[in-house]
Amino acid sequence: MSGERHRSAPADRSPPGPRAVDICDLAPPYVRAIAPYQPGKPISELARELNLDEADIIKLASNENPLGVSPLARRAIEDTIAGLARYPDGNGFELKQALSRRFGVTQDCVVLGNGSNDVLEMAARAFLTPGLQAIYSQHAFAVYPLAVQAAGATGIEVPAVAFGHDLDAMLSAITSRTRLIFIANPNNPTGTLVKPSELEVFLSDVPSEVLVVLDEAYNEYLPDEFRSNSTGWLKRYSNLVVTRTFSKIYGLAGLRVGYALAAAGVADLMNRVRQPFNVNSIGLAAATAALDDSGFVRETYEINRSGMRQVTDGLKRLGLDYIPSYGNFVSFRVADAARVFRMLLEAGVIVRPISSYGMPQHLRVTIGLKSENARFLAALERTLAAP
């Protein structure tokens with residue numbers, strides 16, 4: 001037909017040869033070198049692996065609350081389900097308002113996260129680039145080096161003293177390229193604590209251009225006399241970030257809600273790298289309600305105190321060394337930790353191996369209910385007696 005447009009056939013082409021480069025090889029080398037975080041083994045996974053009944057398994061590996069979910073949070077969860085077709089409040093207004101009232105800060109000083117891991121990573125993304133450095137302690141939380149490496153920065157691991165932070169050595173490690181320091185207090189997985197007076201002196205000595213991220217995931221397990229005035233320090237140290245979580249004493253680990261408190265300018269930068277809607281509707285509602293459940297928090301605290309005595313007394317009776325802990329867990333030393341870990345799994349007791357933290361002869365056990373602690377100690381005793 002007149003006016004019809006024709007396309008010429010494409011020229012013959014030889015089939016492409018083998019690809020010379022794997023696309024994965026083009027990712028930044030610091031990303032390719034990341035060893036992913038290994039969480040505690042889930043109950044369902046162990047049941048599948050060893051053909052065990054899930055009801056017969058106890059998990060004491062991930063520092064979860066043995067009482068379960070806060071009753072006030074449970075009620076809030078039930079009330080929120082009907083609205084799940086809607087996006088959550090991206091600004092988290094009600095939770096921020098509750099945190100603002102609790103800690104005496106303005107809402108623009110609050111950053112919400114998908115667990116405290118999320119806000120730790122926000123701090124790294126906001127302040128680190130390739131060529132810069134971050135400092136953390138040996139035997140400290142595994143997310144710190146991961147967050148630093150993902151930003152392309154260099155992690156400086158300072159040797160621990162008695163499994164805890166050596167603040168003087170960390171100060172000495174600061175260089176012109178240092179932009180961030182991570183401090184876990186209490187520390188996970190060792191349970192060690194930096195005294196409030198020592199921590200305040202440290203903050204006063206850190207240069208103002210270095211951000212100090214104070215990770216207080218286990219703060220609520222501390223007796224009053226061991227708690228620092230970290231939220232009060234925010235008024236004096238604009239380079240301080242305090243991070244906490246609802247995953248531990250509040251019993252909301254499955255909902256992943258954490259937060260950071262910081263100077264407004266620092267919080268603004270962290271919020272710029274925050275993913276939209278990073279905290280879901282149920283998490284926001286449950287965390288807001290849990291914050292007011294003082295009865296549940298107090299009961300959890302008391303159960304942890306008595307359980308800690310039960311477990312440490314049992315470890316002493318078995319002749320095992322342990323690291324005195326200020327959290328809801330305790331790490332203990334045992335010969336052939338890998339074998340003991342495996343035998344405990346076969347007995348339906350999940351604890352946490354911590355060889356990845358540079359502690360190959362230690363295992364970490366979460367403090368559970370009285371019956372769970374007793375079962376762990378009995379299984380451990382049988383394991384130690386086995387040929």
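Odds and ends about this structure:
- Among the strands (runs of 3 or more DSSP E) confined to the range 118-201, the ones with at least 1 residues that are in contact (Cβ under 8 Å) with a residue 60 or more places away in the chain are located at 178-184.
- Qualifying residue in the range 328-342 (condition: part of a loop (DSSP other than H, G, I, E, B), open to solvent by 60 Å² or more (accessible area, probe 1.4 Å) and either closer than 22 Å to ILE57 by Cβ or aromatic (Phe, Trp, Tyr) (or both)): no
Listed here are the residues, each with its yes/no results for (1) open to solvent by less than 30 Å² (accessible area, probe 1.4 Å); (2) in contact with a Ser or Thr (Cβ under 7 Å, 6 or more places away or on another chain); (3) outside any strand (DSSP E or B); (4) on the phi < 0 side of the Ramachandran plot.
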{"site": "TYR237", "(1), (2), (3), (4)": "no, no, yes, yes"}
{"site": "VAL241", "(1), (2), (3), (4)": "yes, no, no, yes"}
{"site": "SER247", "(1), (2), (3), (4)": "yes, no, yes, yes"}
{"site": "GLY251", "(1), (2), (3), (4)": "yes, yes, yes, no"}
{"site": "GLY265", "(1), (2), (3), (4)": "no, no, yes, yes"}
{"site": "PRO276", "(1), (2), (3), (4)": "no, no, yes, yes"}
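- Looking only at the range 202-222, and only at residues there that are assigned to a loop (DSSP other than H, G, I, E, B) and either in contact with a strand residue (DSSP E or B) (Cβ under 7 Å, 6 or more places away or on another chain) or without any contact (Cβ under 8 Å) to a residue 60 or more places away in the chain (or both), the one that is surrounded by the fewest Cβ atoms within 10 Å (Cβ to Cβ): SER208
- Scanning the range 42-52 for residues that are modelled with pLDDT under 90 and acidic (Asp, Glu) gives a single hit, GLU49.
Residue-wise test of (1) among the hydrophobic types (A, V, I, L, M, F, W, C); (2) open to solvent by less than 70 Å² (accessible area, probe 1.4 Å); (3) farther than 24 Å from GLY131 by Cα; (4) under 20 Å from the mean Cα position of the chain (by Cα).
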site	(1), (2), (3), (4)
PRO159	no, no, no, no
HIS165	no, yes, yes, yes
ILE174	yes, yes, no, no
LEU180	yes, yes, no, yes
ILE183	yes, yes, no, yes
PRO186	no, yes, yes, yes
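The values are calculated or read from the model by the stated rules, or taken from the named source; none is laboratory data. This one's a predicted model, so the numbers in the text were calculated from it and none came from an experiment. So basically every Cβ, Gly included, is an ideal-geometry build from the backbone, and we count neighbours across all protein chains shown. Heads up: the accessible areas ignore ligands, DNA and RNA and are worked out on the full protein's heavy atoms, side chains in. Shrake-Rupley method; radii C 1.70, N 1.55, O 1.52, S 1.80 Å.
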